[in-house]
Amino acid sequence: MSLVIPSKWLPDNNLQYFLILKNLTFYFVQAYVIFQWQYSFAGWIQPLEKFLNDPTLTSPDYRFEDFYPGLVASHSWSGQLGSPAGGGHLWGIPIQWEVHILAYNRDLLDKAGVAVPQTLMEEFAALPKLTGEFDGKKTYGLCAMLERSWATLDNSFWPPYASWGCTDFNRDMKCVIDSPRSVEFCTKWVEAIREYGPPGTLAMSWYEQLEAFCSGNYAFYSFPDSIRAIITDPEKSNVADNLGYALVPQGPSYQRKSHVWSWGLSMNKETKVPGPAWLFIQWSTLEDVLVKAALLGNVDPPRQSVWLNPQVVEATQEYGGRDVIQQTMEKYAQIRFTPNPVAPAMGDRFVQALQEIYHGEDAQKALSQAARDIDQILKETVSR
Amino acid sequence: MHSKGHTLAKVGIGVALVAFFAWVLFPLFWIFLFSIKSTADIVSYPPKFIFSPTLKSYTAILLGKTTGLFSVAPDFPHWFKNSLILSGGALGLTCLLGIFAAYALAKYKIPGRENISFTFATICFLPILAVMLPLFSIYHKLKLFDTYLGLILAYQLITLPLFVLLLRGYIMEVPQSFIEAAHLDGATEWQVISKVVLPIILPGLMAAGLLSFIYAWNNFALALVLAGGSTEPVPLGMLSYIGFTEIQRGQMSAAIILCVVPAIVFAAFSQKYIVRGFSLGLLKG
Amino acid sequence: MKKLIFLPALLLLLGIVVYPWLTGIYQSFTNFHLAHSTYRFTGLQNYIRFFSSAQGLQMIRVTFLYTFLVIVIELPLGIGVALLLNKKIFGINILRTLLVIPLVMPPVVSGLMWKMMMRPGSGVFNYLLGLTGLPNFPWLTGKHSALFSIALIDTWIYTPFVVLITLAGLQSVPSQVLDSAAVDGASKLKVFLHVTLPLVTPHLIIATIFRSIDSMRMFDLIYSTTRGGPGVCTMNIHMGSYLFGIKQLNMSYALASLTILWVFVYALIFSFFSLLRRSQQRL
């Protein structure tokens with residue numbers, strides 16, 4: 001049997017995923033967690049636990065308990081609105097993840113006389129001191145993007161937002177991004193980006209955000225750790241030599257909440273070859289396959305044994321930050337999206353409100369409008 | 001006095017024209033510079049005007065590149081081939097059907113002829129997604145998604161009405177007496193069209209064909225919805241330089257330049273037809 | 001029988017255009033959503049939602065504002081350049097060839113090209129502004145400048161179109177007409193207003209038809225530059241329907257938006273074509 005792997009990144013084109021899943025062109029798909037929720041709700045992919053628990057299909061050496069429990073939890077969902085991630089069916093096998101940590105430009109912090117912030121209040125207070133001119137270079141305190149896409153939430157927004165005590169939906173699945181706490185945080189955050197953040201942030205993709213930090217002109221960058229290889233590469237990055245890592249700062253009530261992101265392999269519901277599909281998924285996530293993948297650049301392997309594998313440790317040591325990442329993964333990281341089938345659309349609409357605030361709209365008004373729109377999008381997706 | 005004012009006016013016209021053309025050409029010049037800069041030179045700010053040029057971006061998109069253990073096949077030739085097949089195929093089918101349709105709508109007494117012609121015109125102006133979104137579901141059922149045949153058929157939405165509309169204007173100009181004379185000589189309908197009408201309207205045929213081809217070549221929304229990895233044409237493929245892992249500005253610029261070069265060649269010999277096509281075809285139609 | 005040779009073309013268009021399009025119009029009155037396999041008739045619900053939501057009204061506003069910007073910039077500019085070029089200038093053919101280049105490039109490609117140059121932090125335009133001492137301009141990221149910036153790209157692509165069409169019109173004006181007007185002692189402005197302009201009016205109407213309809217349903221440029229952002233500053237109906245249908249999977253709402261856009265476009269075509277007929281009859 002020949003295997004066709006969709007190597008293409010399909011830019012925000014759900015239709016193509018729909019087609020791939022419906023047309024049986026491919027029998028598995030690699031997807032972000034929030035897309036898995038969408039696909040599982042629409043019935044495009046199928047639960048995997050029946051394959052996992054079938055001894056005729058799954059090798060005893062597979063040792064599923066070796067996967068980080070937090071990752072497995074984020075791929076598990078009952079499909080019932082309002083129920084949290086971590087229960088119900090297993091929709092994907094994790095293959096790659098990233099957690100958010102804080103990167104900072106040591107040189108710039110020293111020159112401004114700023115200590116590494118432990119809390120968000122300290123971080124906000126330090127921003128004005130770091131923005132200005134140092135050695136004839138224009139510098140900025142905060143490297144944060146604000147592109148109108150859910151990807152913005154995933155690229156520096158979730159950790160401070162969650163640490164501030166905010167979330168996207170309450171238990172009744174009503175959107176609460178217009179709660180007083182959220183309004184307070186969004187106002188502060190957007191103002192910080194406007195005053196101390198990159199020019200053109202509203203059209204900045206995560207890659208341009210990364211490029212900006214690599215220019216060496218930015219102090220703080222709350223970032224997904226899987227791109228350490230780029231910021232520590234002296235060829236591509238001017239901060240490679242004076243880079244520091246820290247845990248993401250705590251919120252006002254000393255909560256520290258980071259965000260974890262996981263990619264998983266899922267199976268098409270209508271596949272005619274579920275057995276071979278599962279064997280392929282299983283093979284891709286075997287310990288020694290993941291070790292090989294880690295050595296080739298998948299620096300955040302989903303199995304604990306692979307993360308601790310001496311070869312992998314040696315290969316990833318040069319990127320630094322292993323202890324910070326491990327601590328974050330064990331204590332602070334969790335997926336911050338509430339499971340629901342419209343998470344990407346929710347993210348898009350939320351960031352649209354943040355952009356409106358950036359342009360001077362009243363925060364309460366912009367976020368209330370967004371919350372109502374998100375409720376509407378959710379309603380029309382789930383109700384018939 | 002008079003001649004001084006005249007000279008001033010001439011200088012003014014000259015300056016205005018130079019400014020306008022500088023504005024038209026500057027973006028192309030700048031992107032050309034990008035295409036021969038290294039990545040570091042592209043991102044450096046303020047922009048570098050003196051740098052050592054490299055052809056790396058061109059070799060990467062034409063011949064592929066190797067990163068680490070992986071070699072990445074070049075995409076650009078694939079997209080270019082797809083664009084040629086799709087636009088060429090679309091034009092071929094359009095000519096095949098369009099010449100007859102244009103002839104019938106220009107020369108026969110068909111009930112509701114003007115209305116049919118107007119319908120063709122309005123199809124030209126449909127918001128393209130209004131057709132593409134439903135067509136997507138239909139193609140999904142017929143398994144035409146991401147196939148050359150499916151896309152060439154769908155491209156008719158763009159090429160066929162335009163072609164018929166333009167050509168009809170030219171055919172209406174052909175004197176009825178020529179056609180009647182040919183009929184008296186015993187020519188069949190096909191002979192009338194191929195031996196009498198087509199030679200007369202050849203410039204019009206060129207114009208309509210070229211415009212249809214350009215519209216097909218430039219189309220994006222249609223491919224965005226209906227094309228997948230195996231049929232994607234240049235405009236769609238170009239977006240993937242804004243990849244998941246990086247934005248390859250150098251390669252994107254090189255690809256843009258490679259699009260512009262045929263465009264210039266094309267422009268050089270087609271501009272006459274393009275202008276005539278639009279003005280004559282539509283005014284007479 | 002021979003009269004039916006236009007049928008294959010018509011049938012193909014019926015199958016590939018009219019049938020899907022009518023299906024779409026029907027589905028816009030249902031709750032068709034790609035997350036569900038069935039749908040039912042829901043009447044005007046999608047249309048009511050469109051016209052009663054702030055976003056719907058914003059999309060209408062952007063659609064018309066963009067069209068307005070495009071027309072008021074491109075037509076005068078295009079006519080002006082055409083008048084300048086309507087002389088015996090050395091190398092006029094080369095100039096015309098240069099003018100055609102933006103027209104034969106895919107608009108998506110032009111959009112990507114300009115987006116790179118308009119980057120606020122490191123684009124060449126802000127560098128040039130800086131050289132003249134002006135502050136940074138937000139281009140595609142500003143609340144008020146984003147739509148204008150896209151219109152500017154549109155101007156780059158399509159002003160040559162207006163120039164070429166107008167030029168064709170100007171060159172069809174018989175020179176005796178102009179000469180006799182000049183002999184009568186009319187001033188240059190008067191000759192232009194009363195002799196030249198009426199003669200090229202049909203050409204100008206053609207240019208206006210194409211520019212206004214194409215800008216009303218503009219998709220490629222917006223997709224390749226802002227995708228409707230920042231906020232919803234550049235979200236026209238066409239772009240919005242893409243987001244509803246393809247990102248949110250709510251096909252019926254997307255199709256309702258598209259049907260509304262089509263009604264606007266159709267009204268415009270209809271009025272323009274009757275204008276064109278009348279201006280031709282006058283000649």
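Farthest toward the dipole's positive end in the stretch B:76-284, which of B:Pro235, B:Phe213, B:Gly186, given Cβ charges of +1 (Lys, Arg) and -1 (Asp, Glu) about the Cα centre?
Comparing the listed Cα positions along the dipole, B:Gly186 ranks first.
In deg cm²/dmol and to the nearest 500, what is the mean residue ellipticity at 222 nm of the protein assembly as shown if only DSSP H runs of at least 4 residues count, each as -39500 (n - 2.57), divided by the residue total?
Theoretical 222 nm ellipticity from helices: -18000 deg cm²/dmol.
Tell me the net charge near A:Asp66. Cut-off is 13 Å between Cβ atoms, A:Asp66 excluded, with +1 for each Lys or Arg and -1 for each Asp or Glu.
-2
How far apart, in nanometres, would the label points at C:Ile94 and A:Asn170 be if each is projected 7 angstrom from Cα along the Cα-to-Cβ direction?
Using points 7 Å along Cα→Cβ, the separation is 7.2 nm.
In a GNM of chain B with a 10 Å cut-off on Cα contacts, which of B:Asn219, B:Asn115, B:Asn82 has the highest mean-square fluctuation?
Of B:Asn219, B:Asn115, B:Asn82, the Gaussian network model singles out B:Asn115 as fluctuating most.
In whole percent, what relative contact order does chain A give with Cα contacts below 8 Å and a gap of six or more residues?
Reported as a whole number, the value is 28 percent.
For B:Pro235, what is the net charge nearby, where nearby means another residue's Cβ is under 15 Å from its Cβ and Lys, Arg count +1, Asp, Glu -1?
Once positives and negatives cancel, what remains is -1.
What pairs in A:Lys292/A:Lys331; A:Lys292/B:Lys141; B:Lys107/C:Lys88 have C-alpha atoms more than 31 Å from each other?
Pairs exceeding the cut-off: A:Lys292/B:Lys141; B:Lys107/C:Lys88.
Going through the cross-link list C:Lys87/C:Lys115; C:Lys87/C:Lys190; B:Lys81/C:Lys2, which pairs have a Cα-Cα distance over 28 Å in this structure?
C:Lys87/C:Lys115; B:Lys81/C:Lys2
Rank these residues by their accessible area, most exposed first, probe 1.4 Å: C:Phe29, C:Phe125.
Most to least solvent-accessible, the answer reads C:Phe29, C:Phe125.
Under 18 Å from the Cα of A:Lys174, which lysines turn up, not counting those fewer than eight places away in the same chain?
A:Lys365, A:Lys379
How high is the FRET efficiency from C:Thr42 to A:Thr119, r the C-beta distance, R0 45 Å, rounded to 0.05?
My answer for the efficiency is 0.35.
Under a point spin-label approximation (7 Å from Cα along Cα-to-Cβ), what is the C:Leu199-B:Tyr148 distance to one decimal in nm?
Inter-label distance under the simple model: 4.9 nm.
Below 8 Å between Cα atoms, with a sequence gap of 6+, how large is the relative contact order for chain B in percent?
Relative contact order here is 28 percent.
Give the residues of the stretch C:103-135 whose amide nitrogen is closer than 14 Å to a point set 7 Å from the Cα of B:Ala19 in the direction of its Cβ.
None, by backbone N distance to the label point.
GNM, chain B, Cα, under 10 Å: largest mean-square fluctuation among B:Val131, B:Val234, B:Val24?
Maximum fluctuation in the GNM of chain B, among the listed residues, is at B:Val24.
What's the average, rounded to a whole number, of partner chain beta-carbon atoms within 10 Å of each residue's beta-carbon in A:195-205?
6
Where a Cα-Cα gap under 27 Å defines reach, which lysines qualify for A:Lys129, not counting those fewer than 8 residues away within the same chain?
Within the straight-line limit of under 27 Å, A:Lys129 reaches these lysines: A:Lys111, A:Lys137, A:Lys138, A:Lys188, A:Lys236, A:Lys257.
For chain A, which longest stretch is free of loop sites, where a loop site is one of the chymotrypsin sites (Phe, Trp or Tyr not before Pro) that DSSP puts outside H, G, I, E and B and that has at most 13 other Cβ atoms within 10 Å?
The reported range is A:10-253.
Relative contact order, percent, of chain C when contacts are C-alpha pairs under 8 Å separated by at least 6 residues?
28
Report the calculated FRET efficiency for B:Thr119 and B:Ser38 (r = Cβ-Cβ distance, R0 = 51 Å), to the nearest 0.05.
Taking R0 as 51 Å, the efficiency between B:Thr119 and B:Ser38 is 0.40.
Over all Cα pairs of the protein assembly as shown, how is the pair count split among 10 Å bins, expressed in % and running from 0 up to the last occupied bin?
Per 10 Å bin, starting at zero, the Cα-Cα P(r) for the protein assembly as shown comes out as 2, 11, 19, 23, 20, 13, 7, 3, 1, 0, 0 percent.
Can you tell me the 0 to 90 degree angle between the C-alpha axis of helix A:180-196 and the longest principal axis of chain A, rounded to 10?
60
At q = 0.13, 0.15, 0.16 Å⁻¹, what log₁₀ I(q)/I(0) does a Debye calculation on the Cα points of chain C give, no solvent, two decimals?
-1.05, -1.22, -1.28
When Cβ neighbours within 10 Å are restricted to other protein chains, what is their mean count per residue of peptide B:231-242?
Average neighbour count from other chains, rounded to a whole number: 4.
Go ahead and run the numbers for FRET between C:Lys2 and B:Ile138, Cβ-Cβ distance against an R0 of 30 Å, rounding to 0.05.
Approximately 0.40, to the nearest 0.05.
If you take each beta carbon of peptide C:227-236 and count the beta carbons of other chains within 10 angstrom, what is the mean?
Mean number of neighbouring Cβ atoms from other chains: 6.
Suppose each label sits 7 Å from its Cα in the direction of the beta carbon; what would the C:Val191-A:Gln311 distance come out to in nanometres?
8.6
Mind checking which aspartates and glutamates have their C-alpha under 18 Å from B:Lys37, skipping anything on the same chain fewer than 8 residues away?
A:Glu211, A:Glu235, B:Glu246
A:Lys138: accessible area at probe 1.4 Å, nearest 10 Å²?
100
How about the stretch B:46-155: which chymotrypsin sites (Phe, Trp or Tyr not before Pro) there are in a DSSP loop, with at most 15 other Cβ atoms within 10 Å of their Cβ?
Answer in residue order: B:Phe49, B:Phe51, B:Tyr108.
So what's the net charge close to A:Gly141: Lys and Arg +1, Asp and Glu -1, counting the other residues with Cβ under 11 Å from its Cβ?
After counting each charged neighbour, the total is -1.
Write down the Kirkwood hydrodynamic radius of chain A, to one decimal in angstroms, obtained as one divided by the mean of 1/r over all alpha carbon pairs.
21.7
Within 10 Å, at most 15 other Cβ atoms, and a DSSP state outside H, G, I, E, B define an exposed site. Report the longest part of chain A free of exposed GluC sites (Glu not before Pro).
Value returned for the longest uninterrupted segment is A:1-234.
Between A:Val176, A:Val114, A:Val312, find the one with the highest GNM mean-square fluctuation for chain A; connect C-alpha pairs within less than 10 Å.
Answer for the Gaussian network model of chain A: A:Val114.
Probe 1.4 Å, all protein chains in place: accessible area of C:Leu44 in Å², nearest 10?
100
The values are calculated or read from the model by the stated rules, or taken from the named source; none is laboratory data. Values in this document were obtained by computation on a predicted structure and should not be read as measured data. Every residue, glycine as well, gets a Cβ built from its backbone with ideal geometry; the counts of neighbours run over all protein chains shown. For accessibility, only protein heavy atoms count, side chains too; no ligands or nucleic acids. Shrake-Rupley method; radii C 1.70, N 1.55, O 1.52, S 1.80 Å.
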